[in-house]
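Trainee: Attaching a single structure in structure tokens format; questions to follow.
The values are calculated or read from the model by the stated rules, or taken from the named source; none is laboratory data. Keep in mind that this is a model prediction, so the values were computed, not measured. As a convention, Cβ positions derive from the backbone with ideal geometry for all residues, glycine included, and neighbour counts pool all protein chains shown. Side chains included, ligands, DNA and RNA excluded: accessible areas come from the protein's heavy atoms. Shrake-Rupley method; radii C 1.70, N 1.55, O 1.52, S 1.80 Å.
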Amino acid sequence: MKDNELFKFLNDELERQNNSIELIASENFASKEVRELCGSILTNKYAEGFPGKRYYGGCVNIDNIETRAIELVKKLFNANYACVQPHSGTQANMIAYYALLETGDKILSLSLDEGGHLSHGSKVSFSSKYYNVEFYHLNAFGRIDYEGLKKKALEYKPKLILAGFSAYPFEIDYKAIKEIANEVNAYFMVDMAHIAGLIAAKELNNPLKYADIVTSTTHKTLRGPRGGIILTNSEEIIKKVNKACFPALQGGPLENIIAAKAQCFYEALTDSYKEYIRNVKENTLACSNEFTRLGDINSGTENHLFLLNTIDSYKVNGKDAQELLEEIGITVNKNMLPNDKEKPSVTSGIRIGFAALTTRGATKFDAINIADIIHDYLLKNISKEEAKIRVKNIVKNLKKVEEI
Ligand SMILES: *Cc1c(COP(=O)(O)O)cnc(C)c1O
């Protein structure tokens, strides 16, 4: 028996997704196959443990599925070992810390307001309660200050140095950070949640060459189900990771989601996915360049996202920009800029990404057009009605979300 009220909400959400321009850099549209596996009968099965070592009977098919996911993700990222059970990116990070650190140990990371993630030691996250977190910073150009990072590491002597961010538009010098980590005898952890898809497609450097441990989500540029993974080349570390995952921090794995992860890894190994990622980069750059051409201040980009300074470009803070754009069918998130003077709930800018819209077939011309609409609307050059019509004209040519 169906809860009609609930299914109406589901339908409303499908409409919203189909009718808006989705520019949230951490979102994407998963394929039919990924969604089919998420909603499959695999949700019925308990499978505490790992392939070949389960606490319950009847796991033969589940073992095949989880082993397939592990093999595919190892191939995709050129890793020796993988754990595909973390329920989310935050869980993956919690598991990684738990595997390598004792409570009270020191972590050196980038703060949330400079592009880091909540789980990297934010005041409101478990990570700052259980560990001692110090932050390194960006330089005046919004790039990682590697010299400053080194100074902090030598001073602070962290047990773990963390790179990999939520709002950082540039490539990361993993080799430089690994050398610093070696010097102070720290683990080097990379959280590639945002950029995993670009790394899979070889459009950004692969951190596994240098990092001791790599965590990721599977639902951002990787375009899979909502979930997490952990990769490493060390047998010793994967043993600790698996123990931290189960039984320390999680119970039964979500095998329906693990199957969907396997499908997403399979898709990410194809040439068409590589082409998709090249298009994501091209669209993001085209949009950022158009803002620059219009005189609007933005970070520039080397990946799938950039930051737009709305306060200096249009005299509108990030929160208001987000709300204004939502009125015309453009979805973005407010975001702290480097050295932002506003509170995290207000901010001075927005984050724009093209992973999701490119999945729906958006082109470079759409990306340029979108920059023009945002520019015109936030400067009040055009009315809400006109902005809405221009958004509709783009949306009507995009692929339907349910057909991806
Ligand atoms: C999104 C993100 C996460 C968290 O992922 P959730 O699945 O939302 O828990 C962790 N780290 C980084 C860098 C992220 O961007």
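Trainee: Being closer than 30 Å to Leu118 by Cβ, in contact with a helix residue (DSSP H, G or I) (Cβ under 6 Å, 6 or more places away or on another chain), in a strand (DSSP E or B) and away from the ligand (no atom under 16 Å from the Cβ) narrows it down to one of Ala82, Ala69, so name that one. Even if it seems obvious, please write down each step before you answer.
Mentor: Numbers: Ala69 fails: in a strand (DSSP E or B).
None of the other options fit; the residue is Ala82.
Trainee: Residue by residue through segment 1-27, note down the ones that are closer than 29 Å to Ala167 by Cβ, assigned to a loop (DSSP other than H, G, I, E, B) and either acidic (Asp, Glu) or open to solvent by 30 Å² or more (accessible area, probe 1.4 Å) (or both).
Mentor: Glu27
Trainee: Next question, about the same structure. Could you list, in sequence order, the residues of segment 92-118 that are surrounded by fewer than 20 Cβ atoms within 10 Å (Cβ to Cβ) and either within 10 Å of the ligand (Cβ to nearest atom) or among the aromatic types (Phe, Trp, Tyr) (or both)?
Mentor: Of everything in segment 92-118, those that are surrounded by fewer than 20 Cβ atoms within 10 Å (Cβ to Cβ) and either within 10 Å of the ligand (Cβ to nearest atom) or among the aromatic types (Phe, Trp, Tyr) (or both) turn out to be Tyr98, Leu118.
Trainee: A follow-up question, please. Taking the criterion of being within 20 Å of the chain's Cα centre (by Cα) and either among the aliphatic types (A, V, I, L, M) or buried (at least 22 other Cβ atoms within 10 Å of the Cβ) (or both), would at least one residue in segment 241-252 satisfy it?
Mentor: Step one: list which residues in segment 241-252 are within 20 Å of the chain's Cα centre (by Cα), which gives none.
Taking every residue of segment 241-252 in turn, none turns out to be within 20 Å of the chain's Cα centre (by Cα) and either among the aliphatic types (A, V, I, L, M) or buried (at least 22 other Cβ atoms within 10 Å of the Cβ) (or both).
Trainee: Considering segment 46-66 alone, what residues qualify as being touching a Gly at 6+ places or on another chain (Cβ under 9 Å) and surrounded by fewer than 17 Cβ atoms within 10 Å (Cβ to Cβ)?
Mentor: Listed by number, the residues that qualify are Tyr46, Glu48, Tyr55, Tyr56.
Trainee: If you take the residues in segment 174-204 that are open to solvent by 10 Å² or more (accessible area, probe 1.4 Å) and in contact with a Phe, Trp or Tyr (Cβ under 6 Å, 6 or more places away or on another chain), which one is farthest from Asn303 (Cα to Cα)?
Mentor: Lys178
Trainee: Show me the strands (runs of 3 or more DSSP E) found entirely inside segment 287-378 where at least 3 residues are open to solvent by 10 Å² or more (accessible area, probe 1.4 Å).
Mentor: Numbers: elements: 305-309, 333-335, 349-353.
Output list reads 333-335.
Trainee: Determine the pairs where a residue that is without any contact (Cβ under 8 Å) to a residue 12 or more places away in the chain, located within segment 37-63, has a partner that is of a type in the set (Asp, Glu) and in a loop (DSSP other than H, G, I, E, B) with Cβ atoms under 9 Å apart, the partner being 6 or more residues away or on another chain.
Mentor: Hits for this filter: Arg54/Glu48; Tyr55/Glu48; Tyr56/Glu48.
Trainee: Given the condition of a type in the set (Phe, Trp, Tyr), more than 16 Å from the ligand (Cβ to nearest atom) and farther than 30 Å from Ile374 by Cα, answer yes or no: does some residue in segment 6-13 qualify? Before you say what the answer is, go through the steps one by one.
Mentor: Here is the first cut: in segment 6-13, the residues of a type in the set (Phe, Trp, Tyr) are 7, 9.
Next cut, more than 16 Å from the ligand (Cβ to nearest atom) only: 7, 9.
Imposing the further condition that a residue be farther than 30 Å from Ile374 by Cα reduces the set to 7.
Scanning segment 6-13, I find at least one residue that is of a type in the set (Phe, Trp, Tyr), more than 16 Å from the ligand (Cβ to nearest atom) and farther than 30 Å from Ile374 by Cα, so the answer is yes.
Trainee: For segment 185-228, which positions are of a type in the set (Lys, Arg) and within 12 Å of the ligand (Cβ to nearest atom)?
Mentor: Result: Lys220, Arg226.
Trainee: Related question: Consider Ile144 against the criteria (1) within 16 Å of the ligand (Cβ to nearest atom); (2) buried (at least 21 other Cβ atoms within 10 Å of the Cβ); (3) touching a residue at least 60 places away in the same chain (Cβ under 8 Å): it satisfies all of them except one. Which criterion is unmet?
Mentor: (3)
Trainee: Kindly evaluate Tyr136 against the criterion of being within 24 Å of Asn233 (Cβ to Cβ) and within 16 Å of the ligand (Cβ to nearest atom). Let's see the steps before the verdict.
Mentor: On the way: within 24 Å of Asn233 (Cβ to Cβ): no; within 16 Å of the ligand (Cβ to nearest atom): yes.
No; evaluated as a whole, the condition is false for this residue.
Trainee: Condition test on Ala82, is it open to solvent by less than 30 Å² (accessible area, probe 1.4 Å), touching a Cys at 6+ places or on another chain (Cβ under 8 Å) and among the small types (Gly, Ala, Ser)? Spell out the reasoning first.
Mentor: On the way: open to solvent by less than 30 Å² (accessible area, probe 1.4 Å): yes; touching a Cys at 6+ places or on another chain (Cβ under 8 Å): no; among the small types (Gly, Ala, Ser): yes.
When the stated conditions are applied, Ala82 does not pass them.
Trainee: Which of the numbered conditions does Ser122 fail, given that it passes all the others? Conditions: (1) in contact (Cβ under 8 Å) with a residue 24 or more places away in the chain; (2) touching a helix residue (DSSP H, G or I) at 6+ places or on another chain (Cβ under 6 Å).
Mentor: For Ser122, the failing item is (1).
Trainee: Right, here's the next one. In segment 119-133, what count of residues is obtained for those that are within 25 Å of Ala82 (Cα to Cα), within 14 Å of the ligand (Cβ to nearest atom) and crowded, with 17+ Cβ neighbours inside 10 Å?
Mentor: Result for segment 119-133: 4.
Trainee: Testing Ile238 on (1) within 16 Å of the ligand (Cβ to nearest atom); (2) farther than 23 Å from Asn44 by Cα; (3) open to solvent by less than 30 Å² (accessible area, probe 1.4 Å), one condition comes back false. Which one is that?
Mentor: (1)
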